[in-house]
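Beneath this line is the structure, given in structure tokens, with notes to follow.
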Amino acid sequence: MLSQKTKDTLLGPLNTNNPVVVQILGICSALAVTVQLKPALVMGIAVTIIVAMSNVIVSLIRNTIPMRVRIIVQLVVVAALVTLVSEVLKAFAYDVAMQLSVYLGLIITNCILMGRLEAFAMTNKPWDSLLDGLGNGLGYALILVIVAFFRELLGAGQLLGFQVIPQGFYDFGYENNGMMLMPAMALILVGCVIWAHRAYNDKEAK
Amino acid sequence: MKFNTNSNVYTIVYSTIVVVIVAIVLAFANQTLKPLQDKNELLDKQKQILGALKVDYKGQDPALVYASIIPAAEDTLHFGEKEVYVAHLDGQIKYVLPLTGKGLWGGIGGYLALDEDKNTIYGVNFNHEGETPGLGAKIVDIEFRELFEGKHIRNAEGEVVSVAVLKSGKRAEGQEQVDAISGATITSSGVSTMLHEELVNNYVEFLKIEEVQDVESED
């Protein structure tokens, strides 16, 4: 159904070319919003939408952009989209917008966006750029969700706000790991994910 | 038609057009979504006030519940820049005082519900902009807020002294206290300072008038 190239563009970033664990982009926000699953999911979705849309827009106008100010034009496109998304969230999902607070605005500084625009959208057709944006956004979201899953589970004993570790465990002296709530632990978890990812892919390659 | 995309004129014209288009799109979005956003903000405030009054609005429209407890605009007392909401809860009067202060990373705020004696804390609700999740952010949790219930903001002589938030083991002089959140010293003392500032300094007029009224008559 999809040609090999299309498949690579869309699915590559989920695994072999993952923006977070392979290209090591967008780490800062991965640390900030992964204390709980819900904001991580919303952040992942928001970034996916913004990368995909800005990729398409920049790809559409790529031949008209003056080379000397191309980064500025890309930035304006991204900033406009981020502002739009944050306005829409404030109107339709106020709680989530409050929870993401400053990190929503900071999507602008997420290196994945500028990285994809500069490396892909500037030289590729809109359809491919859309797939590339979706792939990279989802690749980013995937890592966020994995990290948030462990942080919320081990740090608060909850998933998506629901208690999953039974009270009985606590009665026997089990305690939530407060370390998991600190950003430093997210970095260590991202490191673990990179480790597991490399180990798995090395084995595949052999 | 083919422009030289590297010429100065092209670059300047191009940038101008891009910025103007973006400005129009954003202004339009802002104008269209503003009513919805304002509604959300108001609803959020009402929910917080209901939280301070310990009203359970599960399964009901919080706006309607709010309107039934704080029915009209005249139920808002103004003291300079400060406002006090008068709530009618099961035939009793409760005063709700909005609070603002500083936490560790940003602003904190809340609503303090007082009994009619303007002394006993009926309930309290806190919010924050960006306190550390799992530490300072715990001020919004019911476990922390419950500590305030039943505490008195006045000392035995009737002076307003606020309630202190202190590490367990420490004792406050001449005022009642609640335990701070362990690991969140700065946020906890931010709450303590906020309560003190607001009650002792900013709401002095509201809290004082009552004493005069007591002596004279109810009108």
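The values are calculated or read from the model by the stated rules, or taken from the named source; none is laboratory data. Note that the structure is a prediction, hence the values are computed from the model and not measured. Using ideal geometry, Cβ is built from the backbone for each residue, glycine included, and neighbour counts are taken over all protein chains shown.
Summary table below
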quantity: Among (1) under 26 Å from A:Thr6 (Cα atoms); (2) among the charged types (D, E, K, R); (3) modelled with pLDDT under 80, the one test that A:Asp132 misses; calculated: (3)
quantity: Residues of the stretch B:96-117 satisfying the condition of being surrounded by 21 or more Cβ atoms within 10 Å (Cβ to Cβ) and farther than 23 Å from B:Ser182 by Cα; calculated: B:Val96, B:Leu97, B:Ala113, B:Leu114
quantity: Residue that is nearest to the other protein chains (Cβ to nearest Cβ), among those in the stretch B:96-130 that are without any contact (Cβ under 8 Å) to a residue 60 or more places away in the chain and among the charged types (D, E, K, R); calculated: B:Glu129
quantity: Residue in the stretch A:180-194 that is farthest from the other protein chains (Cβ to nearest Cβ), counting only those that are small (Gly, Ala, Ser) and within 13 Å of A:Leu144 (Cα to Cα); calculated: A:Gly191
quantity: Count of residues meeting criterion [of a type in the set (Gly, Ala, Ser) and facing chain A (nearest Cβ under 7 Å)] in the stretch B:1-54; calculated: 2
quantity: Meets criteria (over 18 Å from the mean Cα position of the chain (by Cα) and either part of a loop (DSSP other than H, G, I, E, B) or among the β-branched types (Val, Ile, Thr) (or both)) for A:Asn176; calculated: yes
quantity: So A:Val33, is it within 12 Å of chain B (Cβ to nearest Cβ), buried (at least 20 other Cβ atoms within 10 Å of the Cβ), of a type in the set (A, V, I, L, M) and touching a Phe, Trp or Tyr at 6+ places or on another chain (Cβ under 7 Å); calculated: yes
quantity: Flag if A:Thr9 is in contact (Cβ under 8 Å) with a residue 40 or more places away in the chain, surrounded by 21 or more Cβ atoms within 10 Å (Cβ to Cβ) and either in a helix (DSSP H, G or I) or of a type outside the set (Lys, Arg) (or both); calculated: yes
quantity: Complete set of residues in the stretch B:165-199 that are under 17 Å from the mean Cα position of the chain (by Cα) and not acidic (Asp, Glu); calculated: B:Thr187, B:Ser188, B:Ser189, B:Gly190, B:Val191, B:Ser192, B:Thr193, B:Met194, B:Leu195, B:His196, B:Leu199
quantity: The stretch B:42-87, residues that are in a loop (DSSP other than H, G, I, E, B), of a type in the set (A, V, I, L, M) and surrounded by 17 or more Cβ atoms within 10 Å (Cβ to Cβ); calculated: B:Leu53, B:Val55, B:Ile70
quantity: Near pairs, Cβ below 8 angstrom, 6+ apart or cross-chain, from the stretch A:88-99 (within 8 Å of chain B (Cβ to nearest Cβ)) to any residue that is modelled with pLDDT under 85 and surrounded by 16 or more Cβ atoms within 10 Å (Cβ to Cβ); calculated: A:Lys90/A:Ala97
quantity: Residue within the stretch A:45-61 that is over 19 Å from the mean Cα position of the chain (by Cα), at pLDDT 90 or above and small (Gly, Ala, Ser) present; calculated: yes
quantity: Verdict on B:Leu26 being of a type in the set (A, V, I, L, M, F, W, C), more than 30 Å from B:Gly183 (Cβ to Cβ) and either in a loop (DSSP other than H, G, I, E, B) or in contact with an Asp or Glu (Cβ under 6 Å, 6 or more places away or on another chain) (or both); calculated: no
